[in-house]
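Q: Submitted below is the structure of interest, expressed as structure tokens.
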Number of protein chains: 2
Amino acid sequence: MTSIKTTSSLFIVALAMAGLTGAVSADERLSKAGVEPVVVEQATLLRDNALKGTRAYQWVESLTTEVGPRLAGTEGEARARDWATTKLGDLSFKHVRTEPFTIEGWERGEERAAVTQPFPQPLSITALGGSVATGAQGIEAPVVLFENLTALERAPAGSLDGKIAYVGHAMRATQDGSHYGYFGRLRRQGASIAASKGAVGLLIRSIGTDSHRMPHTGSMRYADDIPRIPAAALSNPDADQIERIASRGEPIKVAMTLTPRFTGEVPSANVIADIVGTEFPDEYVVIGGHLDAWDLATGAIDDGAGVAITLETARRILASGLKPRRTIRLILWGAEEVGLLGGYAYRERHQANLRQHVAATESDFGAGRAWQLTSRVDDQARPLVDLIAELVEPLGIAPGATDAANAGPDLYPMIQAGMPGFRFVQNGQDYFDLHHTPDDTLDKIEAADLDQNVAAFLVFTWLAANSDINDWGWQSVAAD
Amino acid sequence: MTSIKTTSSLFIVALAMAGLTGAVSADERLSKAGVEPVVVEQATLLRDNALKGTRAYQWVESLTTEVGPRLAGTEGEARARDWATTKLGDLSFKHVRTEPFTIEGWERGEERAAVTQPFPQPLSITALGGSVATGAQGIEAPVVLFENLTALERAPAGSLDGKIAYVGHAMRATQDGSHYGYFGRLRRQGASIAASKGAVGLLIRSIGTDSHRMPHTGSMRYADDIPRIPAAALSNPDADQIERIASRGEPIKVAMTLTPRFTGEVPSANVIADIVGTEFPDEYVVIGGHLDAWDLATGAIDDGAGVAITLETARRILASGLKPRRTIRLILWGAEEVGLLGGYAYRERHQANLRQHVAATESDFGAGRAWQLTSRVDDQARPLVDLIAELVEPLGIAPGATDAANAGPDLYPMIQAGMPGFRFVQNGQDYFDLHHTPDDTLDKIEAADLDQNVAAFLVFTWLAANSDINDWGWQSVAAD
């Protein structure tokens with residue numbers, strides 16, 4: 001299905017591009033996009049200046065160095081908010097504010113595991129975010145191996161009584177990161193599926209593409225009415241090891257200790273800064289990344305990079321002295337990793353004027369270069385998206401799917417409410433080597449790659465904020 | 001100096017090779033090497049068959065899976081000896097035996113560190129092998145940064161009173177791994193140098209070339225009459241981080257807890273198997289790798305690979321039915337990592353007949369392909385070494401230094417006693433990415449690379465065991 005969709009989308013795009021450069025005059029093209037020629041000139045200049053070097057790397061360097069780990073609901077996340085409001089204030093943004101909400105807090109504790117038979121040896125694990133504890137004494141149980149989630153789902157009820165389930169399916173590196181959604185279901189839902197068969201614990205092969213002793217954490221959820229069992233990820237080399245040990249045919253036992261704890265109702269917040277529009281101050285073009293990050297690392301690629309790219313985009317527009325017609329809103333989201341909670345809180349708080357969010361996109365797929373633009377807008381807005389595509393094409397970004405209801409995770413709640421989709425897809429080939437591991441640190445980022453993203457965001461933001469088109473297709477293109 | 005030496009050595013080698021293929025007849029060449037033509041045919045066949053695929057990968061897979069971590073003096077190392085004696089027995093080696101000795105035991109405990117000011121955040125560290133503990137409460141102290149060991153050495157006495165010294169010099173990846181010796185002095189001696197200035201703890205940038213959150217352990221020694229202070233390595237990204245934090249100009253404090261303990265006198269041993277020579281049973285050609293490995297990983301490249309390469313070399317000779325003139329001795333060394341203790345124990349036990357160890361070499365530089373042959377032998381043995389060089393040249397191995405008193409770490413004690421040097425140098429470009437880290441696991445090894453090493457070892461072993469030359473230059477080429 002995917003390949004058919006892609007092909008037909010590309011075909012349509014090819015026709016559209018042929019039209020742009022052929023029969024349709026430049027004037028007509030801009031007029032259909034609702035954009036004055038000067039706006040295109042401004043966008044081009046903003047884009048080209050960004051390629052000469054931006055401060056994006058400086059922002060991610062500062063956030064990861066001066067704040068470091070910043071798990072949602074912790075002191076670290078609060079320090080990230082202070083960092084953001086201070087930086088935005090220093091940069092002369094007006095209307096810098098936080099929109100607080102509360103979340104159920106969770107913090108990691110000790111995490112240890114070992115094969116106790118037949119070949120005793122330690123394993124490198126990490127608790128999945130939201131897992132219950134084993135208790136300080138830990139658990140020790142025979143392990144039953146499944147090659148994937150489907151096999152676990154097929155296991156008869158009661159067949160795992162008193163056992164630890166291990167599921168070994170492996171995602172692969174892809175440019176668009178699309179394996180994550182499919183294979184990630186194991187992390188998100190595996191514990192309750194295993195528990196429904198009687199398991200007392202779940203171990204999964206990390207949802208990640210590296211081969212280092214770096215287990216990947218990430219959020220999970222328990223289903224109602226099923227016992228909550230502790231769940232952890234093994235690093236890929238450790239998953240290989242447990243499978244090799246199993247291949248000897250002798251029974252395997254694993255001991256596992258996880259002592260995470262729930263910390264009650266704790267504060268989080270979104271940080272917001274506006275560049276107020278001159279003509280339509282109550283219409284918003286939203287960009288942003290998320291401030292929170294998993295506790296195992298300093299969150300350089302997830303999502304310090306997105307914070308840096310979008311903060312720098314807004315800063316460059318502010319510093320240019322150019323005045324947008326509608327308001328450009330930078331949202332640095334809170335509590336993304338633990339369930340898109342900043343996104344839901346924002347939607348709830350802004351329910352009355354959701355449709356005034358004309359266009360929105362988030363940067364939350366690492367620090368790699370953007371290579372594709374996907375969207376889901378109505379016919380009226382299509383010429384504007386095509387114009388954006390034309391202006392980012394020299395950055396190495398080509399049009400992709402035109403039926404993609406995706407604008408980044410924190411915008412998912414608004415997409416659900418009917419918001420049109422728009423997204424620059426970054427190269428994710430290496431993203432899941434680092435994602436949610438201790439290895440998500442600044443040394444993995446190239447400044448010039450961030451600059452390319454800033455250039456693309458400047459084009460999107462400036463055109464969206466200055467076009468006559470103020471409805472990209474709310475509800476008419478509502479998500480499935 | 002190094003480059004001049006290399007150039008002149010290569011020049012001499014080029015002359016020698018020109019001689020071999022030119023004026024000197026094939027017969028004369030073999031007769032100078034003390035080798036019958038059939039022996040060359042046998043070595044060539046052994047070599048070429050190995051390239052079709054060996055069991056070397058199978059041995060390292062088995063050792064790393066069924067034994068796993070095997071720190072010197074621990075139950076893990078004892079299980080490695082059991083593994084080796086069982087495997088060697090199953091393969092019908094005769095005279096399989098262990099030669100026990102005792103060592104001062106040391107085991108890792110908890111290891112945690114964090115920046116406590118100005119930007120609180122955890123650090124990824126590991127204790128250096130042989131470090132004293134901080135006590136369970138840990139220590140917290142201001143940190144003073146030095147860019148290298150020389151700068152630390154220049155610090156005035158008393159200038160580090162009550163402080164933790166951090167030294168940040170970084171080794172680089174090289175094909176021959178030669179940075180390790182130079183930069184490694186920080187790990188081996190840094191604690192006592194820091195303590196002599198009053199420091200209460202030492203943190204070093206890992207002696208390693210990766211950029212993962214993987215601190216590198218490795219052995220250290222305390223000088224006499226200087227207080228023993230706890231010492232640990234930071235992963236390279238954490239070392240970058242502490243240097244970035246320092247660049248802000250505010251005082252840094254670090255809290256560090258290390259609870260390793262000394263476990264008293266504990267057993268280790270070398271495992272030995274002989275293929276007894278038909279003519280000269282009391283003359284030995286020695287090959288081997290070391291059985292012990294650091295506790296953080298399963299020791300696949302250090303030195304499961306060397307165990308596998310040399311065990312497979314001996315196995316293939318045994319299985320071929322060929323009978324060597326002198327004895328081929330496989331030594332799987334114990335307690336290498338903690339001070340070459342297996343090597344010293346062997347030298348002491350075999351003091352009476354050291355000179356009957358005609359030629360010896362070890363595989364202990366990972367699982368990469370060999371690319372160079374270095375040696376230090378006298379004029380009488382040079383034609384034999386040249387013949388070995390000629391036969392391994394099709395494997396991509398070229399002659400290197402002819403003044404290299406190096407046969408691998410466990411043979412260093414015998415080299416010190418006057419043994420000639422011979423070594424296949426493996427490609428070490430990636431070796432220090434993994435060396436002494438949790439990441440030294442099987443997934444980093446390619447079977448075909450091991451096979452190439454086996455092929456080279458077969459040539460060395462078979463020619464050395466069957467040549468008339470029984471003195472490669474003992475004492476006349478004694479190490480400096």
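Any read-out appearing in this document is the output of simple, stated calculations on the displayed coordinates, not a laboratory observation. Predicted, not measured: the structure shown is a model, and the values here were computed from it. Counting neighbours? That spans all protein chains shown, and the Cβs are built from the backbone with ideal geometry, glycine included.
Q: Over the Cα atoms of the stretch A:94-154, how large are the radius of gyration and the largest Cα-Cα distance (Dmax), in Å?
A: Computed over the Cα atoms of the stretch A:94-154, radius of gyration and Dmax are 18.8, 64 Å.
Q: Have a look at B:A194, B:N49, B:I275 and report the one farthest towards the positive end of the charge dipole of the protein assembly as shown, computed about the Cα centre with Cβ charges (Lys/Arg +1, Asp/Glu -1).
A: Most positive-ward Cα: B:A194.
Q: A further question on this structure: Taking amide H atoms as placed 1.01 Å from N in the peptide plane, list the residues 5 or more away in sequence, or in a different chain, whose amide H sits under 5 Å from that of A:I103.
A: A:V266, A:S268
Q: Consider all pairwise Cα distances in chain A and report the whole-number % of them above 40 Å. Provide the component values of the computation, followed by the final result.
A: Working: 27188 of 114960 pairs.
Roughly 24 percent, once rounded to a whole number.
Q: State the Kirkwood hydrodynamic radius of the stretch A:395-467 in Å, one decimal place, computed from all pairs of distinct Cα atoms.
A: One over the average 1/r among Cα pairs gives 14.6 Å for the stretch A:395-467.
Q: Output the Cα-based Rg and Dmax of the protein assembly as shown in Å, rounding Rg to one decimal and Dmax to a whole number.
A: Cα only, the protein assembly as shown: 32.0, 101 Å (Rg, Dmax).
Q: Distance cut-off 18 Å, Cα to Cα: go down the list A:K87/A:K444; B:K163/B:K197; A:K163/A:K253; A:K87/A:K323; B:K87/B:K444; A:K52/A:K323 and report the pairs above it.
A: With Cα atoms farther than 18 Å apart: A:K87/A:K444; A:K87/A:K323; B:K87/B:K444; A:K52/A:K323.
Q: Each residue of the stretch A:277-284 in turn: what ³J(HN,Hα) in whole Hz from Karplus with 6.51, -1.76, 1.60 and θ = phi - 60°, glycine and Pro shown as x?
A: Karplus-based 3J(HN,Hα) across the stretch A:277-284 equals x, 7, 9, 10, x, 9, 10, 10 Hz.
Q: How big is the stretch B:31-76 by Rg and Dmax over its Cα atoms, in Å?
A: 18.2, 50
Q: To one decimal in nm, how far is A:D403 from the same spot in the other copies, if labels go 7 Å from Cα toward Cβ? Please give the shortest first.
A: Going from nearest to farthest copy, the values are 7.4 nm.
Q: I've got another one for you. Since chains B and A are linked by a rotation, which residue in B has the beta carbon closest to its axis, and how far is it in Å?
A: Taking the axis that maps B onto A, the answer comes out as B:H212, 3.
Q: Placing a label point 7 Å from Cα toward Cβ, how far apart in nm is B:G135 from its equivalents in the other copies, listed shortest first to one decimal?
A: 3.4
Q: Let me ask something else about it. Scan around B:V254 for amide H atoms under 5 Å from its own, H built in the peptide plane at 1.01 Å from N, and keep only partners 5 or more places away or cross-chain.
A: Here the answer is B:T116, B:A141, B:V143, since their amide H atoms fall under 5 Å of that of B:V254.
Q: Average partner chain C-beta neighbours within 10 Å, per residue of B:348-360?
A: 0
Q: While we're here: Using θ = phi - 60° and the Karplus relation 6.51 cos²θ - 1.76 cosθ + 1.60, list the HN-Hα couplings for the stretch A:385-396 in order, rounded to whole Hz, with x at every Gly or Pro.
A: Result, rounded to whole Hz: 5, 5, 5, 4, 4, 4, 7, 9, 4, x, 7, x.
Q: Would you kindly derive the ³J(HN,Hα) couplings of the stretch A:320-326 from the backbone phi angles with the Karplus curve 6.51 cos²θ - 1.76 cosθ + 1.60 (θ = phi - 60°), listing them in order in whole Hz, with x for Gly and Pro?
A: 6, x, 5, 10, x, 6, 10
Q: Which whole-angstrom value gives the distance between the alpha carbon centres of the stretch B:417-456 and the stretch A:56-92?
A: Measuring centre to centre over Cα atoms gives 44 Å.
Q: Would you grab the residues whose amide H sits under 5 Å from the one on B:E283? Only those 5+ places off in sequence or on another chain, please, with H modelled 1.01 Å from N.
A: B:T327
Q: In nm to one decimal, list the spacings between the B:A157 label point and its equivalents in the other copies, with label points set 7 Å along Cα to Cβ, shortest first.
A: Distances to the matching label points in the other copies: 7.9 nm.
Q: Okay, moving on. In bins 5 Å wide, starting from 0, what share of all Cα pairs of the stretch B:109-259 does each bin hold, as a percent?
A: Histogramming the stretch B:109-259 at 5 Å steps yields 2, 11, 21, 25, 23, 13, 5, 1, 0 percent.
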